[in-house]
Amino acid sequence: MNLLRFLPLLLLLCGCAREVSPVSALALDCKNGVYCLTAEVVRQDSPDDTAAPAYLSATGTDVTDALRNLRSILPGDLYLSHAQVLLLSEDAVSESILPLADYLCRENDVRLSLRAAVVRDGSAAELLENDNEVYALSELLDRSAQDGILPDMPLYRVTDVLHADGTAILPALRVDAFGQTAPAGTAVFKNERLNCFLDGEIGGGAYA
Amino acid sequence: MRERLFPRWCTALFALLPMSELLYLPADGQSVYAAALACTVCALAGIGAARLSDRIRHSAPAQWVLALTSLFPLLASIARMSIFLQKTVFTGRSCGSTVVLLTVCILFMASMGLNRCAMWALPIAWLAGTVLLLSGVLTFTQLTPASFSAPTAALLPQFRHILYSLLPASVVLAFSLPETRLSASVSRGLSAGGALLALLLLRTVLLLGANTAALLPYPAFTAAGLAAIGNFARHGEVFFAVPLLLCEVGRCAALVCALLYPFTRTCGVLHLRRPQ
């Protein structure tokens, strides 16, 4: 009975939960100074209960603005904690990526294990929508990092090296001749912006 | 039978003090040394205070001074826990609601008295120690030794910061001990907790790098999120933060016991009503 007296206090922390839309991957494109953020949202409303991706896009003057606009599209909350991949188009990384890296690190929802990759010869959103399987990109990046085909650079490591001397490497991806998403070497960043690509395995490649 | 405060309980209670600092400390190359140094100083001060605890117990003005001193670390702990919860878990809630909830939990625990708070500190310390070590082991392969740095004079501001936060609580609780022979337990607890604190700070720096850690409000908490067991347990920070919050609630409850000692004059159960 004594414990029941404290129940109203516990109710202070309760509230109506809003429906969340878990995001598995993000893609960032930039055209004429306008950023376009595309999110791969995991849907589990099919009759056989399998996870299927749905794609939502929003534009903004910067990433923060685009993310805010993306959140306003949905009636519920955009849940970024499950996001494992961030695809960046070449245009999006032609300017300094340090503000983006800092923003993502500070964002409460985003996990520091998020893997960023640069998309070659195409838009990031197209590559994101190329696979119809949820988490396929993250598995590809994980596997390639383990095999040494692509650099193992999660968000926290990229941010650290960019702050240290503005130089970093990121994995690169492209849609190959067969329409499959494939590793495409390494993107090299100098002074916090994309400088060049290295093809092939790390350390043994040549400039593209 | 008279309630006793056994040495191992006392060790556990004092081990909670440095461990409850972990969530809030910044992590860089110097914080490891600063934490180790501050815990050593606190252990030495704690031994001295525990040896004088007999005299303090028999002096009413000293008890009042002690009670008033315990207010500072107590309020600081409640404030930082509330802010932490509000920023990480209850983002839509006001800080006031978490303050109320934490205060109720602390008072509830404190009503058991200092001896039983120390008794409960033993399983909490083991739980926290196990979880923290497991978290360290799971991220061991991701550590980058290049982030390691030698001690420099830059550790002094951090040393002062940790000392301000840890020393008052250590000294107040050491003065409040019922027996002087527990002084060895005080130093053992603070040293063990301090060693774990320094190790976990080292893990944070080597894992995140000093630059990334500097961007984060709670670097040790965020670093724990990188500890995962396959795809199963990916939110390691939750398992990490809960025992640490329990440590801090235990520390606050012990401080409340010290605060109320001039009224209750007991280290045993605090009777909220007059006995019939």
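Hey, can you grab everything whose amide H is under 5 Å from the amide H of A:Leu88? Only 5+ residues off in sequence or another chain; H modelled, so Pro and N-termini drop out.
Residues meeting the amide H criterion: A:Leu28, A:Ala117, A:Val118, A:Val119.
Using only protein heavy atoms and a 1.4 angstrom probe, determine the accessible area buried between A and B, summed over both sides, in Å² to the nearest 100.
The A and B chains share an interface burying roughly 2200 Å².
Normalised by the residues of chain B, what does the relative contact order come to in percent, with Cα pairs under 8 Å and at least six apart?
RCO, chain B: 46 percent.
Given a Förster distance of 35 Å, report the FRET efficiency between B:Glu179 and B:His235 from their Cβ-Cβ distance, rounded to the nearest 0.05.
It comes to 0.25.
What Kirkwood hydrodynamic radius, in Å, does the protein assembly as shown give when the mean of 1/r is taken over all pairs of distinct Cα atoms and then inverted?
Hydrodynamic radius (Kirkwood, Cα only) of the protein assembly as shown equals 24.8 Å.
Calculate, axis by axis, the spread of Cα positions in the stretch B:1-157 along the three principal axes, and write the results as whole Å, longest axis first.
54, 41, 32
I want to verify the translational diffusion coefficient of the stretch B:13-264 in µm²/s; compute it with Stokes-Einstein, Rh as the Kirkwood radius over Cα pairs, at 10 °C and 1.306 mPa s.
86 µm²/s
Accessible area per residue, 1.4 Å probe, Å², for the stretch A:21-203: what's the number?
Per-residue accessible area for the stretch A:21-203 comes out at 44 Å².
Given the convex hull over the Cα atoms of the stretch B:134-276, what projected area results after averaging over all orientations, in nm²?
For the stretch B:134-276, averaging the hull's shadow over all directions gives 12.5 nm².
Above 16 angstrom, tally the Cα pairs of the stretch A:23-99 and express them as a % of all pairs, no decimals.
Within the stretch A:23-99, distances greater than 16 Å cover 51 percent of Cα pairs.
What's the FRET efficiency of B:Cys95 with A:Asp109 using the Cβ-Cβ distance as r and R₀ = 25 Å, to the nearest 0.05?
0.80
Which percent of Cα-Cα pairs in the stretch A:21-203 sits in each 5 Å bin, short to long?
P(r) over the stretch A:21-203, rounded to whole percents: 1, 9, 17, 23, 22, 16, 8, 3, 1, 0, 0.
Name the residue farthest towards the positive end of the dipole of the protein assembly as shown from the options A:Val20, B:Gly193, A:Met153, assuming +1 on Cβ of Lys and Arg, -1 on Cβ of Asp and Glu, about the Cα centre.
Farthest towards the positive end: B:Gly193.
Rounded to whole Hz and in sequence order, give me ³J(HN,Hα) for the stretch B:111-119 from the Karplus expression 6.51 cos²θ - 1.76 cosθ + 1.60, θ = phi - 60°, writing x for Gly and Pro.
5, 6, x, 4, 4, 6, 4, 5, 4
Over chain B, with every protein chain in place, what whole percent of the accessible area is carbon and sulfur at 1.4 Å, could you tell me?
Carbon plus sulfur share of accessible area: 71 percent.
Work out the length of the dipole vector of chain B about its Cα centre, built from +1 on the beta-carbon of each Lys and Arg and -1 on the beta-carbon of each Asp and Glu, and round it to the nearest 20 debye.
So the dipole magnitude of chain B works out to roughly 720 debye.
Just to confirm my numbers, what's the Cα centroid distance between the stretch B:163-225 and the stretch A:103-181 in Å?
So the two Cα centres are separated by 36 Å.
Computed over the Cα atoms of the stretch A:97-208, what is the ratio Rg over Rh, Rh following Kirkwood?
0.95
Distance between Cα centroids, the stretch B:61-80 to the stretch B:23-39: provide it in whole Å.
One Cα centre to the other: 23 Å.
The values are calculated or read from the model by the stated rules, or taken from the named source; none is laboratory data. Note that the structure is predicted; figures quoted are calculated from it, not measured. Please note: Cβ atoms are built from the backbone with ideal geometry, for glycine as well, and neighbour counts cover all protein chains shown. Protein only, heavy atoms only, side chains kept; ligands, DNA and RNA dropped before computing areas. Shrake-Rupley method; radii C 1.70, N 1.55, O 1.52, S 1.80 Å.
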